[in-house]
1. Averaging sequence separations of C-alpha pairs under 8 Å and six or more residues apart, then dividing by the length of segment 164-271, give the relative contact order as a whole percent.
2. Please tell me which of these pairs span more than 31 angstrom C-alpha to C-alpha: Lys17/Lys208; Lys226/Lys270; Lys133/Lys226?
3. Any chance you could run the full-extension gain for Glu6 through Lys197? It's 0.36 nm times the residue separation minus the Cα-Cα distance, nm to one decimal.
4. Can you give me the relative contact order of the chain as a percent, contacts being Cα pairs under 8 Å and 6 or more apart?
5. Let me have the relative contact order for segment 1-122, percent, based on Cα pairs under 8 Å that are six or more residues apart.
6. Cut-off is 10 Å between beta-carbons; in what order do Glu181, Glu8 appear when sorted fewest neighbours first?
7. Please get the size of the charge dipole for the chain, origin at its Cα centre, with Cβ charges of +1 on Lys and Arg and -1 on Asp and Glu, quoted in debye to the nearest 20.
8. Can you give me the pair-distance distribution of segment 82-269, C-alpha pairs, 5 Å bins, whole percents?
Amino acid sequence: MAGIAEKEFKQFAEYIKASCGINLKAEKQSMVAGRLNNILLNGKFKSLSDYLNYVLSDRTGQAAVTLLDKITTNHTFFMREADHFFYFRDKALPFLAPAIKDKDLRIWSAACSSGEEPYTLAMLIDEFFGKEKLLWDTKILATDISSNVLEIARKGVYSRERISALPSSWKLNYFKELDYENFVLTEKVRNEVIYRKFNLMDSVFPFKRKFHVIFCRNVMIYFDSKTKNELVEKLYELTEYGGYLFIGHSESLNRDLTPYRYIMPAVYRKE
């Protein structure tokens, strides 16, 4: 990977953008080289183009899955951008709950990575509804393009350090100690999250009902404006009236283009 020709990197970047929306600029060339170096060496590929041709010709689709797992960034942690969770607890849930007559609260954690976000939402919901929770369907749909992180998320196992930012009551009520270093979420919480593999670049979003809350945070930062605007249009169509969209603090929506109403930094509502 010492020398990636400009032409082959451009071809590779076009494939990645079409596959998962990520806009790989020229300055990301060294990052790509670092992440794919072992695959290229172990597979004895002569060049990046040689590897890409292999991915394109693999009918099983597994080579593409491996590539996207390597390229996509899956960095997250419990209580990341904590003010979103406080707003969800203190404002969004009290606003939505009285309006949902069928007691079917629909939440989508898009690009959920290793599960910290949807599990946090599940614990907040459990605390908010208390005993009334039995009367509600509050299961959370959590999706990601990466098979690897979805497998981690389903297990619900996190180190002592990873859960250190959580309230003591949560650690006591929602986690069980596996060993000195690791804890697992209780089945009560794990069963509240449904994990599915899903690509935000798919032309069709196969959801039968709209969502009251969508978390799609720190994903669109990797997209160009056109890709981002097209995704936001789809998300808007999938949001119930009165529902919320949470995006990352490093992201923003063009208020002249989006029909969402700005509520606070990185929080929008469909009205």
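1. 20
2. Values: Lys17/Lys208 27 Å; Lys226/Lys270 21 Å; Lys133/Lys226 40 Å.
Distance filter (> 31 Å) returns Lys133/Lys226.
3. Values: separation 191, 0.36 × 191 = 68.76 nm, distance 3.22 nm.
Length gained, Glu6 through Lys197: 65.5 nm.
4. On the way: 376 pairs, mean separation 47.6, N = 271.
About 18 percent, as a whole number.
5. Details: 65 pairs, mean separation 26.1, N = 122.
Answer for segment 1-122 is 21 percent.
6. Numbers: Glu181 9, Glu8 16.
Starting with the residue having the fewest Cβ neighbours, the order is Glu181, Glu8.
7. Values: 40 positive and 35 negative charges, 59 e Å.
In total the dipole reaches around 280 debye.
8. 1, 7, 16, 20, 20, 16, 11, 5, 2, 0, 0
We did not get these values from a lab; they are worked out from the coordinates using the rules stated. On a predicted model such as this, the values are computed, not experimentally measured, just so you know. Ideal geometry is used to build each Cβ from the backbone, glycine not excepted, and the neighbour counts take in all protein chains shown.
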